[in-house]
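The structure appears right after this line, and notes come after that.
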Amino acid sequence: MPSVPALLARSIQTAAVISPRLAGDLAYRLFFMTTPRMPVRDADTPTHGDARRGRLTVRGNEVTTYEWGTGPRTALLLHGWRGRASQFAPLVRELVAERFRVISFDAPAHGSSRGRHTDIRDWVDAAEQLQAAHGPFSVIVGHSFGALAATTVARTTVPTPAVVAIAGAAGPDAFLAEFARELDLDTATAARLSERFRQRFDMDQAALTARFDAVRHPLPDRTALLVVHDRDDRRMPDADSLRLHEAHGGHSRLLRAEGFGHTRVLSADATLDAAVALVVGGLEGVDALGTTTPTTTSGAPSEVSARVAAAVGGGPRR
C-alpha cells in the first residue's frame, strides 16, 4: 500500500467534521489513486530490458506483458498497487536460472500500461488471459495487493500447485482498514469508504468475502502456500498475513523477515531462497531452509524457527 501524504489526510479529516459521507467519498477516490507511477529502478533495468513484451486488452485498457526464460515450467508474478512488474527482477533472475519461464504484466494505470483507473478485477482478468495463453502455472507469486490477487485467482479461475504471498493480506477488508487507520478516519467516514468499495463491485459484504477472502475461503489443500511478511512493515502490518498462514494449516509456511519493510522484502535473500525452494522442492524444500515457520497441529503458527534479519545473506541480491 502507498503511504498517504499528510496534507491529503488532514483535508479528509477536516471534511469529516462537516460530512462523513463527503469525507468517505474523498477517501474512496484517494484509495484508488494510482499516481505517481513507479519508475524502473536502475538495478532492475537490465532484467526489465531483457523481457519479451506483449499486449493484452484488459477491461478496455491496453496492458503490457513481460516474458523471460524458456523453461518447461511457468511462473506468474503479480505486482502490487502502484507497483510494476520490474520490481520482481531479482526473483525473475532466480527463476530463469532454475529453468522457469516467467510471465508478468503491468496492470492498467501502472508501469508501462495504459489507463487511468483500475481495481483487482483487472489483475484477475489479466491472470485468466495469461493462463489461457501461457498456462498452466507452476506457481503464482504476488506482492502486497498482488498477493490478494494471487490468492483470489488461485482459489477460483487459475488453479496452481503453489502460491507465494509477499507483504499481502487475506482479503480487501485488511487494506481498507489499514487505509482508514493511516488516514485516522472516524467510524462513519470509514463506513462510507467501505460502502463505496462495495458499490464499485456491485456486491454485498457476503459476496465480497466469498470472492476475495482467503481466510474464510482458503486455497485448496493441494495448493502449497508460502506467506512472507516483514515484522516492521509499516504500510501493511503483518497481522493479516498471520491469519492467512493460520487458515491454511499444514500446507502453509510463514517467513517473517525483519528489517526490510514493505517493498525491499521482495529482493531479500531469504524471500528469494524460500520462493525458489517452494517451486523446486515443495513445502519440504522450504522446510529444509530452516527459516520458515510451520503450523502447529492446533493451527496456530509456531515460533520455533529462526528470524530472518537484514544481515542474513548479506542483503538483497543484485
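The values are calculated or read from the model by the stated rules, or taken from the named source; none is laboratory data. It should be emphasised that the depicted structure is a prediction, and the values quoted were computed from it without experimental measurement. Using ideal geometry, Cβ is built from the backbone for each residue, glycine included, and neighbour counts are taken over all protein chains shown.
Numbers below:
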| quantity | calculated |
| --- | --- |
| Number of the condition not met by TRP123 [criteria: (1) in a loop (DSSP other than H, G, I, E, B); (2) in contact with a Gly (Cβ under 8 Å, 6 or more places away or on another chain)] | (1) |
| Filtered residues of the stretch 212-234 (kept if charged (D, E, K, R), within 24 Å of ARG121 (Cα to Cα) and buried (at least 18 other Cβ atoms within 10 Å of the Cβ)) | ASP213 |
| Test set (1) outside any strand (DSSP E or B); (2) at pLDDT 95 or above; (3) over 17 Å from LEU219 (Cα atoms) - ALA154 fails condition number | (3) |
| Pair list, Cβ under 6 Å, 6 or more apart: the stretch 261-277 residue over 11 Å from PHE88 (Cα atoms), other residue in a helix (DSSP H, G or I) and of a type in the set (Gly, Ala, Ser) | ASP269/GLY313; ALA277/GLY285 |
| Residue list for the stretch 207-230, filter: over 15 Å from LEU148 (Cβ atoms) and free of Cβ contacts under 8 Å to residues at least 60 places away in the same chain | ALA207, ASP221 |
| Among residues of the stretch 186-206, those that are basic (Lys, Arg) and either more than 11 Å from TYR28 (Cβ to Cβ) or free of Cβ contacts under 8 Å to residues at least 60 places away in the same chain (or both), counted | 1 |
| Some residue of the stretch 67-74 being at positive phi, in contact with a strand residue (DSSP E or B) (Cβ under 8 Å, 6 or more places away or on another chain), surrounded by 18 or more Cβ atoms within 10 Å (Cβ to Cβ) and not in a strand (DSSP E or B) | yes |
| Search result, residues across the stretch 90-123 that are buried (at least 24 other Cβ atoms within 10 Å of the Cβ) and small (Gly, Ala, Ser) | SER104, ALA107, GLY111, SER113 |
| Test result for ARG181, touching a Leu at 6+ places or on another chain (Cβ under 8 Å), part of a helix (DSSP H, G or I), surrounded by fewer than 19 Cβ atoms within 10 Å (Cβ to Cβ) and not assigned by TED's automatic domain parsing to the domain that holds LEU266 | no |
